[in-house]
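A quick write-up on the structure given underneath.
Each reported figure results from applying straightforward, stated rules to the coordinates on display, with no laboratory input. Not measured: the values here are computed from a predicted model. Backbone-built Cβ (ideal geometry, glycine too); neighbour counts: all protein chains shown.
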Amino acid sequence: MDVPAEAPPHGSPRARSWRQAAILAAVRASYRADARPPTIKELQIATGISTTSVVWYNLHRLQEQGLIRIDDGVSRGIRLVLQEGETCPLCGR
């Protein structure tokens, strides 16, 4: 998993833990490889996080940071929110 080389200061809106960085990388990888978001269990396995509740906690922190959207009640309900300068992992735009 790629972890940002230079992390923002702790407490800033863009500060991410290693778990959040790993989850975000796994979500992006899933979109690239399978053209769909991963399940919570797939994220747990891909990142080596001990429980699905820790995955959920970190997904909600990523949503608060505006990096993803979670569609409640949907099995694969994780949507990437493109940031300025990013390209879509599916279409390359």
Legend entry - Sequence ranges 64-76, 31-43, 15-27, ranked by mean other-Cβ count within 10 angstrom, highest first: 15-27, 31-43, 64-76
Inset, instruction - May I ask for the net charge around Ile70, where only other residues with Cβ less than 14 Å from the Cβ of Ile70 are counted and Lys, Arg are +1 while Asp, Glu are -1? - result: +1
